[in-house]
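Below: the structure, in structure tokens.
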Amino acid sequence: MGGMGNMNGMMKQMQKMQKDMAKAQEELKDKTVEGTAGGGMVTVKASGHKEIIEVIVKEEVVDPDDIEMLQDLILAATNDALKQVDELVNKDMGKFTQGMNIPGLF
């Protein structure tokens, strides 16, 4: 009978962990990160759910004769923001998987 008590305890722990993880994932949507490029000439803000919230381009970087540079800066700032979201997710959700290597979990 002692084995069932341990199993029930483990199930309760797992359910609590799932609830805590769901709450942490929900809280990520309210967190934002900023990616920048060109020394801050382009800034991209993203939510913890990898949604682009805002793109800010400083006027002095806009050159009609060099649209490719502006495109590259926006791309770099966006990739920087998304990288920061990944780091935020790993930091916030990593506490639930301490030491577990579960491919594709996040």
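Below are the figures for this structure:
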quantity	calculated
Distance between modelled label sites at residue 69 and residue 87, nm, 7 Å Cα→Cβ extension	2.7 nm
Cα lying deepest toward the dipole's positive end in the chain, options 90, 52, 69, charges on Cβ	90
Protection-proxy order for peptides 36-42, 47-53, each taking the mean of Cβ atoms within 10 Å per residue, highest first	36-42, 47-53
Helix 2-28 vs. the chain, principal-axis angle (Cα, 0 to 90°, nearest 10)	20 degrees
Sequence of 56, 67, 74 once ranked by neighbouring C-beta atoms within 10 Å, starting from the fewest	67, 56, 74
Taking the chain and dividing mean pair separation by its residue count, relative contact order in percent (alpha carbons under 8 Å, at least six apart)	26 percent
Contour excess over end-to-end distance, with Cα ends at residue 16 and residue 28 and 0.36 nm allotted per residue	2.5 nm
The chain shape via C-alpha gyration tensor axes, a/c threshold 1.5	prolate
Flagged links, alpha-carbon separation over 30 Å, of 12/45; 12/83; 16/45; 19/50; 58/95	12/45; 12/83; 16/45; 58/95
Residue 36 versus residue 55: modelled label distance in nm, points set 7 Å from Cα along the beta carbon direction	1.9 nm
Dipole moment magnitude, nearest 20 debye, the range 26-94 about Cα centre, only Lys, Arg, Asp, Glu C-beta charged	340 debye
Nearest 10 degrees, 0 to 90: helix 67-94 Cα axis against the chain principal axis	20 degrees
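Where a number appears in this text, it was derived from the coordinates with a stated rule and is not lab data. The structure presented is a predicted model; accordingly, all values stated were derived computationally and were not measured. Cβ: placed from backbone, ideal geometry, glycine included. Neighbour counts: every protein chain shown.
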